[in-house]
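> Here it is: the structure, laid out below.
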Amino acid sequence: QVQLVESGGGSVQAGGSLRLSCAASGFIFRSNVMGWYRQAPGKQRELVATVTIGGSTNYVDSVKGRFTISRDNAKNTVFLQMNSLKPEDTAVYYCNLHRSDGDYWGKGTLVTVSS
């Protein structure tokens, strides 16, 4: 049974940093692309970043140069380091596994950035 558990959210002032973690279980972590999504109040969920099996990364333009996604296959964990946070980064952040049988999500962790 796939389980994704996010942690690390919180409240910070603009310019601050947070590091999100997602502990994964129930599947072969090292063989799957992992991603982070976010959903701001009143908006659709959007893709923030992905990391491939080989460690290649991709980011939405709005976070390039500020966020870094990484993975630790030994610990079945994916991270999102968020620097220079802006109020528009405020959202619930979700860990995602996309497989041929569908998308799997964690419950999310709230990030609030105040100006």
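The values are calculated or read from the model by the stated rules, or taken from the named source; none is laboratory data. None of these values were measured; they are calculated from a predicted model. Note that each Cβ is placed from the backbone with ideal geometry, even for glycine, and that neighbours are counted across all protein chains shown. Keep in mind that these areas ignore ligands, DNA and RNA; they rest on the heavy atoms of the full protein, side chains included. Shrake-Rupley method; radii C 1.70, N 1.55, O 1.52, S 1.80 Å.
> At most 13 other Cβ atoms within 10 Å and a DSSP loop assignment: could you name the trypsin sites (Lys or Arg not before Pro) in the range 1-88 that fit?
Sparse-neighbourhood loop trypsin sites (Lys or Arg not before Pro): Lys43, Lys64, Lys75.
> How charged is the neighbourhood of Ser17? Take every other residue with its Cβ under 13 Å from the Cβ of Ser17, and add Lys/Arg as +1 and Asp/Glu as -1.
With Lys, Arg at +1 and Asp, Glu at -1, the net is +2.
> Now for a separate question. Given charges of +1 on the Cβ of Lys and Arg and -1 on the Cβ of Asp and Glu, with all other atoms neutral, how large is the dipole of the range 11-88 about its Cα centre, in debye to the nearest 20?
Charge dipole of the range 11-88: 60 debye, to the nearest 20.
> From the phi angles alone, apply the Karplus equation (6.51, -1.76, 1.60; θ = phi - 60°) to the range 97-109 and give each ³J(HN,Hα) in whole Hz, x where the residue is Gly or Pro.
Residue by residue, the range 97-109 yields 10, 10, 10, 5, 8, x, 9, 10, 10, x, 7, x, 9 Hz.
> For the chain, give the percent of accessible area contributed by carbon and sulfur heavy atoms, probe 1.4 Å, rounded to a whole number.
Heavy-atom surface of the chain belonging to carbon and sulfur, 1.4 Å probe: 47 percent.
> Right, here's the next one. In a GNM of the chain with a 10 Å cut-off on Cα contacts, which of Asp89, Asp103, Asp72 has the highest mean-square fluctuation?
Ranking Asp89, Asp103, Asp72 by mean-square fluctuation puts Asp103 first.
> Whole Å is fine, so just give me how far the alpha carbon centre of the range 96-115 lies from that of the range 33-56.
7 Å
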